[in-house]
Every structure is written in structure tokens, then in C-alpha cells.
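Accompanying notes for the structure given below.
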Ligand code: ATP
């Protein structure tokens with residue numbers, strides 16, 4: 001269990017002239033759940049988007065299970081076993097739930113296994129099985145989040161990145177989504193979760209990182225971070 005699924009070292013990310021991440025170093029071990037918290041604009045989405053190859057790094061190194069993915073585009077990073085559930089879900093509203101899910105299985109190995117994976121996703125989210133033929137845009141926000149998570153799982157990732165999975169959901173739906181994340185992690189997938197709902201994310205995470213103004217402010221075991229003065233001040237408002 002000592003292998004690092006993700007190693008980010010000295011990561012810098014820029015948007016034009018503006019630098020959003022500075023010298024960020026973070027790691028995720030096999031089977032670990034890591035959460036990234038921080039105030040608005042701290043760089044949390046930028047970090048997961050850089051890891052997923054959606055936004056390029058301008059300095060530093062990203063490696064996935066030992067392979068250097070720093071300069072790779074999103075579909076190539078996906079081939080190394082990284083899947084993202086983006087902020088705002090980004091499902092295809094005019095396609096059926098089934099078609100949205102199948103889109104996630106576009107890698108050759110994932111395509112080969114798609115029936116088995118789909119059964120796992122339907123087992124995790126029975127509501128998606130019931131609504132497989134329905135247009136995804138007609139589902140509730142919570143169900144759409146399930147589609148987004150299910151689509152990412154269809155790629156059979158070793159590392160799942162979730163950007164604000166609870167955003168805009170009713171509390172009971174947040175419970176469902178977090179139960180699913182815990183099941184995914186228990187199944188051996190390493191998880192990085194970026195959250196505004198800091199208490200919720202810290203409760204399921206093994207370790208946590210606090211970002212502030214594009215830098216890692218502090219990191220450590222999740223239970224320990226909840227007690228840290230920086231976290232209490234900057235994101236828990238205590
Ligand atoms: P939030 O919780 O509000 O989503 P965040 O911690 O995810 O915040 P990011 O969205 O990563 O933060 O933003 C980090 C910084 O980068 C902010 O200063 C933001 O304004 C800037 N930024 C983000 N996206 C872009 C973009 N496409 N172009 C220019 N600047 C951007």
C-alpha cells in the first residue's frame with residue numbers, strides 16, 4: 001500500500017499573466033482518500049484540473065503511478081487511470097443516462113469491461129438503472145451528480161478526482177453522494193475530493209491539504225487538520 005498513485009511536486013499553474021498555483025506539492029497513496037480544502041479562489045479547481053490534464057502546468061511535475069503525466073492532455077492522463085467529476089457535473093443533458101455513462105468507457109480496456117462496470121455503477125446508484133433511458137437533463141441535481149460520478153467510474157480509474165461534489169445539492173442527496181464516495185474508496189480507488197463542505201470532506205478523508213492563495217498552507221491527517229488553527233480560521237469560520 002506504499003505506492004503513490006499521485007505525486008505532485010512543485011506545481012505552478014498560470015492563467016496568462018496570473019499565477020494560480022505556486023510550488024504545490026501533494027501526494028495520494030494507493031487506496032487513500034485525500035481532500036483539498038480552502039477558501040474561494042484558493043486554487044482547488046485549478047489543482048484538480050492540472051492533475052487531470054485539463055489545464056497545463058507551467059512548472060513542477062505530476063506523476064501518476066510512477067508515470068510522468070505533467071505535459072499530457074486530458075485523454076492521455078485518463079489512459080493512466082485518472083478520471084474527473086468536474087465542478088458543475090458537465091453531463092450531456094440531451095443524451096440518455098445510459099449514453100452518458102457509456103461515454104465514460106471510451107478507453108479500450110474500459111470498453112472491454114463496460115458491462116461489468118455498468119452493473120457496478122447501477123448497483124451503486126439503482127436510480128440510474130431505473131432512469132437509464134431518460135434524458136440526463138431531466139434528472140434532479142443529485143441524480144445528475146450520480147451520472148457524473150458513474151461516468152467517471154466507467155473509465156475504471158485508479159484515481160478519481162471530484163470537484164465540489166456536494167455543490168447545490170439537498171442535504172439528503174449530499175449524504176448519498178458521500179456514501180457513494182466512501183464505497184468507491186473502499187473498493188480500492190484512490191480519491192481526491194475538493195470541497196466547500198469542509199466538515200463533510202474531512203469526515204471521509206484520510207489526509208487533507210489546506211490551500212490558500214495558490215499555496216499549500218498546511219497538510220496532515222484529516223482529523224488533525226480539523227483542529228488546526230489555519231483550517232478553523234480560513235474555511236470553518238471558527
Ligand atoms: P472556488 O472554490 O471559488 O471554485 P478554487 O479554490 O477552486 O475556488 P480556482 O477556481 O482554482 O479556485 O481559482 C484559483 C485562481 O485562479 C483564482 O484567482 C481565479 O480567479 C483564477 N482563475 C481560475 N480560472 C481561471 C481562468 N479560466 N482564467 C483566469 N483566471 C482563472
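The values are calculated or read from the model by the stated rules, or taken from the named source; none is laboratory data. None of these values were measured; they are calculated from a predicted model. Methodologically, a virtual Cβ is constructed for each residue, glycine included, from the backbone with ideal geometry; neighbour enumeration extends over all protein chains shown.
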A careful count of residues in segment 21-42 that are within 18 Å of residue 195 (Cα to Cα), away from the ligand (no atom under 15 Å from the Cβ) and outside any loop (DSSP other than H, G, I, E, B) gives 4
Per the list (1) within 16 Å of the ligand (Cβ to nearest atom); (2) in contact with a strand residue (DSSP E or B) (Cβ under 7 Å, 6 or more places away or on another chain), residue check on residue 93 breaks on (1)
Which members of segment 214-235 meet the condition of being part of a loop (DSSP other than H, G, I, E, B) and under 26 Å from residue 13 (Cα atoms)? 214, 235
Just to be sure before I move on: is residue 77 in a strand (DSSP E or B), surrounded by 22 or more Cβ atoms within 10 Å (Cβ to Cβ) and either in contact with a strand residue (DSSP E or B) (Cβ under 8 Å, 6 or more places away or on another chain) or not assigned by TED's automatic domain parsing to the domain that holds residue 224 (or both) in the structure I sent? no
Restricting to segment 164-176, what's the tally of residues that are touching a residue at least 60 places away in the same chain (Cβ under 8 Å) and either at positive phi or surrounded by fewer than 23 Cβ atoms within 10 Å (Cβ to Cβ) (or both)? 2
Considering each residue of segment 2-18, count those that are within 10 Å of the ligand (Cβ to nearest atom) and either outside any strand (DSSP E or B) or surrounded by fewer than 14 Cβ atoms within 10 Å (Cβ to Cβ) (or both), and give that number. 4
Take residue 70 and decide whether it is farther than 18 Å from residue 194 by Cβ and either part of a loop (DSSP other than H, G, I, E, B) or within 16 Å of the ligand (Cβ to nearest atom) (or both). yes
